[in-house]
Amino acid sequence: MAKRIVVDPVTRIEGHLRIDCEVDGGKVTKAWSSGQMWRGIEVILQGRDPREAWLFTQRICGVCTTVHAIASVRAVENALGMEVPVNAQFIRNLIIGGHGVHDHMVHFYHLCALDWVDIVSALKADPRETAKLGQSLSSWKGNSHQDIKDAQERLKSFVASGQLGPFGSGYWGHSAMKLSPEVNMLAVTHYLQALYYQRKINQMVAILGSKTPHIQNLAVGGVANPINLDSSVTLNMEKLYHIKTLIEEVDEFVKTAMLSDVAAVGAFYADWTGYGAGVTNYLSVPDMPMDSKGTEFELPGGYIPNGDIGKFTPIKSYQDEFFEKNVRESIKHSWYDGDWTRHPYEEETVPNYTDFQDDGKYSWVKSPTFQDQPAQVGPLANVLAMYVAGHGPTKKYVDQTLKTVSSIAKTEVGIPALHSTIGRIAARVVRCAVLNDTMLNQWQALVNNIDSGDTSIYNKPEFPKGEQRGFGYHEAPRGVLSHWVVIEDGKIKNYQCVVPSTWNAGPRNGDDAPGPYEASLVGNPVADPEKPLEVLRTVHSFDPCLACAIHMVDKENEEIVRVKVL
Amino acid sequence: MNVLILGIGNILLRDEGIGVRAIEELECRYTFPPEVELVDGGTCGLELRDAIGRRDLLLLIDAMRNGGPPGTAYRLDGDEVPAHFHTRISPHQLGISDLLATLTLTDSLPARIVLFGVEPGDISTGLGLSQEVETGMEKVLQAVYEELKSCGLQPEAIPADEAFRLGFWSTRQNGKEAVP
């Protein structure tokens, strides 16, 4: 008989997410993703000055702060047809890159790795063997016997203290945990080291953003980072070199430890390349603009339908109609009044809560579509697009990772393996490495441009009478983020954020086609419905925007098991 | 002595934003000794590690669900704080409990933590605090002042007629214009 399991995370900060699965014969047969993302921002923004919208939007979410600020200024600039000085583009790009690396590191090591790495098993590892293993996998300097021994001691005393914190309710000893104690211990060592490096990259964001969390240096039309190489209080060479040192320090960790860790996890869990593909229409946008108009980008993006990279269509500019015209949101299965599929400029938000109806309305999330189809967004979508667009660093890190996986797994693992749960995780780490390269390029571009005598950072926005419409997109850590603004007589008339987790966590659309989370769960193995670790693995591989604990509700026994998302 | 006053919360969900609002009020009302730093932590978790790490004293201000009437102010000291976040009364406990755990793992937990909370009433979408929570916040501001005074770090009040008195979020929600 089919058994229903409900994974119900609760957080008010980034929005609730609840996953319902029907499990039959040890596999998920049907899934529903139900959530409450932030859908009320227009209530606050209507009637406000478009120049300050970004200060509000970056408070939407505790994880994705910077990204909502960036998308907001881009949307208003687009509505006004503005150009942005290239210094401002490079400074924004460095912030985007730093934020992305921080986010990908935190997700990989501190939120997602613990679905695959058994902390309790790591305590049993032989430090000497672990060091040997680490040194065989990469040249990372932090794999010495002493490093591993220290990390294990630290873990032991932490576990002994009883305050388990993030390790509090993992599925330790679960039959789906397959790594040896030494591989587990190596991952734990890097987990601890990653805490140091993510701090470093956050410092870079703080230097440029003037504050973190919640940067303060943006403006519609540019940035508020005065550049004067002769002043000690502005952006000068000393600060620029400090930034470079921070990037380089993190760069080494990402390119040696992190890339080899994801390859090892991927190889030891090679069976997971067969699960979790789900929706294989992939949408991503180009980012890291290199000119004032937003027509040249360091990182490509675009649309790949049906997983067929031969059918890739690039998105080319901030004005690109292929993007602007093909985004819709449907509310057929969402708790809003009516049954429509509309363009973001034309949307309204009138709540109509109906309770959870399996075949009716069951989510606060609207269901976005691209060319009338559900689309998966995120690092995998972006990495595939960059790979097919011939982006050098992407190709290098993808090929290198697949080669390492193949040699550990002793079987040929190629690009098709990326359409999977484990592939999404690998793509995130690849993107993190790509972002490190990008930051170094952006740093150089900024220094060269300043060196040429250009210190311009801001163009003043002018608001004409009448109505203007604009959209701003950003390839955020969780995927395509777009803000859509309608301005009338210099005030905001309508504002919509179509966020990455909406694309991925959306419910069935106007044609009843399931969203990416829902589709990816079907066929997932579930060894023990009481401990659905496998469901968490697939949902977590999307990096759901939830820094939260979740309730497990087993409806048959009415028993509530509390589970913490790690 | 090295003190951080950290306010956390989401200012777009009314009373949820009490921590951030309290920081802004403190900054508008007082000048602080150099040993004291104030941070608006928003809804962030791990990103705050650098700000919190290795402090002698952390004064944390947050919305706190404890079953009392809206506006009730609470104070927790020392060992009670991690325990509070463990049993999840605050909306931010998860980010913060992981944060405290990673600080423990890296030996950089503040020597002492005092948590000031206010029971939220209205957490719907919107700006500004409910009247009860405004009142509760005043109690917290006074308690923070006393706490600093007891450490010999008494803040100095900014005269009421000086210009810079309303914070960004408070000017907007009260419908008042900031003094230029």
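The values are calculated or read from the model by the stated rules, or taken from the named source; none is laboratory data. What you see is a predicted model, and the numbers here were worked out from it, not measured in a lab. Because the Cβ atoms are built from the backbone with ideal geometry, glycine has one as well, and the counts that use them run over all protein chains shown.
When the residues of the range A:399-438 are filtered to those that are acidic (Asp, Glu) and closer than 27 Å to A:His99 by Cβ, which remaining residue is surrounded by the most Cβ atoms within 10 Å (Cβ to Cβ)?
Here is the first cut: in the range A:399-438, the residues acidic (Asp, Glu) are A:399, A:412, A:437.
Cutting the leftovers down to closer than 27 Å to A:His99 by Cβ gives us A:399, A:437.
Values: A:Asp399: 14, A:Asp437: 22.
It comes out as A:Asp437.
State all residues of the range A:278-293 that are buried (at least 23 other Cβ atoms within 10 Å of the Cβ) and under 30 Å from A:Pro507 (Cβ atoms); if no residue qualifies, say none.
Once the filter is applied, which keeps residues that are buried (at least 23 other Cβ atoms within 10 Å of the Cβ) and under 30 Å from A:Pro507 (Cβ atoms), the range A:278-293 yields A:Gly278, A:Val279, A:Tyr282, A:Leu283, A:Ser284, A:Val285, A:Pro286, A:Asp287.
Looking at A:Gly278, A:Gly294, which is the one that is touching a helix residue (DSSP H, G or I) at 6+ places or on another chain (Cβ under 7 Å) and among the small types (Gly, Ala, Ser)?
A:Gly278
A quick yes/no check of all residues on (1) under 26 Å from A:Thr256 (Cβ atoms); (2) of a type in the set (Lys, Arg):
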position: A:Val398; (1), (2): yes, no
position: A:Lys410; (1), (2): yes, yes
position: A:Val430; (1), (2): yes, no
position: A:Met439; (1), (2): yes, no
position: A:Asn449; (1), (2): no, no
position: A:Gln468; (1), (2): no, no
position: A:Phe471; (1), (2): no, no
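Looking at (1) among the charged types (D, E, K, R); (2) within 18 Å of A:Tyr495 (Cβ to Cβ); (3) touching an Asp or Glu at 6+ places or on another chain (Cβ under 8 Å), which one does A:Glu52 not meet, given that it meets all the others?
Every listed condition holds for A:Glu52 apart from (3).
Of all residues in the range A:294-323, which are touching a residue at least 60 places away in the same chain (Cβ under 8 Å), crowded, with 16+ Cβ neighbours inside 10 Å and more than 22 Å from the chain's Cα centre (by Cα)?
Passing the criteria: only A:Gly294.
Somewhere in the range A:2-22, is a residue assigned to a loop (DSSP other than H, G, I, E, B) and at pLDDT 90 or above?
Within the range A:2-22, not a single residue is assigned to a loop (DSSP other than H, G, I, E, B) and at pLDDT 90 or above.
Which pairs do you get when a residue that is within 16 Å of A:Gly100 (Cβ to Cβ), found in the range A:67-82, comes within reach of a residue that is in a helix (DSSP H, G or I) and among the acidic types (Asp, Glu), reach meaning Cβ atoms under 9 angstrom, with the pair 6+ apart or on two chains?
A:Val67/A:Asp103
Only residues that are within 21 Å of the chain's Cα centre (by Cα) and not in a helix (DSSP H, G or I): list them for the range A:198-212, please. So that I can check it myself, show each step before the final result.
Quick first cut of the range A:198-212, residues within 21 Å of the chain's Cα centre (by Cα) only: A:198-206, A:209, A:212.
The answer is A:Thr212, and nothing else.
Mind checking which residues of the range A:123-164 are in contact with a Ser or Thr (Cβ under 8 Å, 6 or more places away or on another chain), hydroxyl-bearing (Ser, Thr, Tyr) and away from chain B (no Cβ under 14 Å)?
Once the filter is applied, which keeps residues that are in contact with a Ser or Thr (Cβ under 8 Å, 6 or more places away or on another chain), hydroxyl-bearing (Ser, Thr, Tyr) and away from chain B (no Cβ under 14 Å), the range A:123-164 yields A:Thr130, A:Ser138, A:Ser139.
Give the residue, chosen from A:Gly134, A:Gly162, that is in a helix (DSSP H, G or I) and of a type in the set (Gly, Ala, Ser).
Numbers: A:Gly162 fails: in a helix (DSSP H, G or I).
Going through A:Gly134, A:Gly162 in turn, the sole match is A:Gly134.
Taking A:Ala426 as the residue in question, decide whether it is in contact (Cβ under 8 Å) with a residue 24 or more places away in the chain and within 17 Å of A:Trp272 (Cβ to Cβ). Steps first, answer last, please.
Details: in contact (Cβ under 8 Å) with a residue 24 or more places away in the chain: yes; within 17 Å of A:Trp272 (Cβ to Cβ): yes.
Yes, satisfied.
Restricting to helices (runs of 4 or more DSSP H) lying wholly in the range A:218-331: which have 2 or more residues that are closer than 30 Å to A:Arg199 by Cβ? Don't jump to the end; show me each part of the working.
On the way: elements: A:237-253, A:259-268, A:321-326.
Those helices (runs of 4 or more DSSP H) span A:237-253, A:259-268.
What number goes with the only condition from (1) under 24 Å from B:Asp107 (Cα atoms); (2) part of a helix (DSSP H, G or I) that A:Arg128 does not pass?
(1)
Looking at B:Val133, B:Val39, can you tell me which residue is in a strand (DSSP E or B), modelled with pLDDT of 90 or more and either within 22 Å of A:Ile60 (Cβ to Cβ) or not hydroxyl-bearing (Ser, Thr, Tyr) (or both)? So that I can check it myself, show each step before the final result.
Details: B:Val133 fails: in a strand (DSSP E or B).
Only one candidate passes the filter, namely B:Val39.
With respect to A:Trp503, determine if the residue is aromatic (Phe, Trp, Tyr), in contact with a His (Cβ under 9 Å, 6 or more places away or on another chain) and buried (at least 23 other Cβ atoms within 10 Å of the Cβ). If you could, list the steps in order and put the result at the bottom.
Numbers: aromatic (Phe, Trp, Tyr): yes; in contact with a His (Cβ under 9 Å, 6 or more places away or on another chain): no; buried (at least 23 other Cβ atoms within 10 Å of the Cβ): yes.
It is false that A:Trp503 is aromatic (Phe, Trp, Tyr), in contact with a His (Cβ under 9 Å, 6 or more places away or on another chain) and buried (at least 23 other Cβ atoms within 10 Å of the Cβ).
How many of the residues making up the range B:24-51 are buried (at least 22 other Cβ atoms within 10 Å of the Cβ) and within 14 Å of chain A (Cβ to nearest Cβ)?
So the count comes out to 9.
Every residue, every condition in (1) under 20 Å from the mean Cα position of the chain (by Cα); (2) within 12 Å of chain B (Cβ to nearest Cβ); (3) of a type outside the set (Gly, Ala, Ser), yes or no:
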residue: A:Phe167; (1), (2), (3): no, yes, yes
residue: A:Lys178; (1), (2), (3): no, no, yes
residue: A:Met185; (1), (2), (3): no, no, yes
residue: A:His214; (1), (2), (3): yes, yes, yes
residue: A:Val223; (1), (2), (3): no, no, yes
residue: A:Asn228; (1), (2), (3): no, no, yes
residue: A:His242; (1), (2), (3): no, no, yes
residue: A:Leu259; (1), (2), (3): yes, no, yes
residue: A:Ala263; (1), (2), (3): yes, no, no
